[in-house]
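Okay, structure first, notes after.
The values are calculated or read from the model by the stated rules, or taken from the named source; none is laboratory data. Keep in mind the model is a prediction, meaning the values are calculated, not measured. Because the Cβ atoms are built from the backbone with ideal geometry, glycine has one as well, and the counts that use them run over all protein chains shown. Surface areas here come from the heavy atoms of the whole protein model, side chains and all, with no ligands, DNA or RNA. Shrake-Rupley method; radii C 1.70, N 1.55, O 1.52, S 1.80 Å.
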Amino acid sequence: MSETDISGFIVFCLESYKKQEGISGAEALDIFAKYGVLDYLTDGYDVLHSLGENALTEDISDYISRRHATHAEH
């Protein structure tokens, strides 16, 4: 995997997530940064890039929900 592959994958995830949530790209990027989604996608690239778009956006949403719950507890 190259840095270009991962960058393209992250852009795809951002676009898919913003479309699903009906938010802007800037809002999606803020959420990804706040909850560590960029690291999650980079670290899990080998597995995650093989998921379909719907499964991927659902996984990202679940990850954000879990991280949000963790942040709320502190």
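Taking the longest Cα principal axis of the chain as reference, the axis of helix 53-73 is set at about 30 degrees.
Per 0.36 nm of contour for each residue apart, how much would the distance between Glu58 and Asp30 grow if the chain were fully extended, relative to their Cα-Cα spacing?
Details: separation 28, 0.36 × 28 = 10.08 nm, distance 1.80 nm.
Difference between extended and current length: 8.3 nm.
Just the protein heavy atoms count here, and of the accessible area of the chain at 1.4 Å, carbon and sulfur take up 52 percent.
What accessible area per residue, rounded to a whole number of Å², is obtained for the chain using a probe radius of 1.4 Å?
Values: 4710 Å² over 74 residues.
On a per-residue basis, 64 Å².
The value given for the chain is a Kirkwood hydrodynamic radius of 12.5 Å, derived from the mean inverse Cα-Cα separation. Packing, as the average of other Cβ atoms within 10 Å across residues, places the peptides 3-16, 32-45 in the order 32-45, 3-16, highest first.
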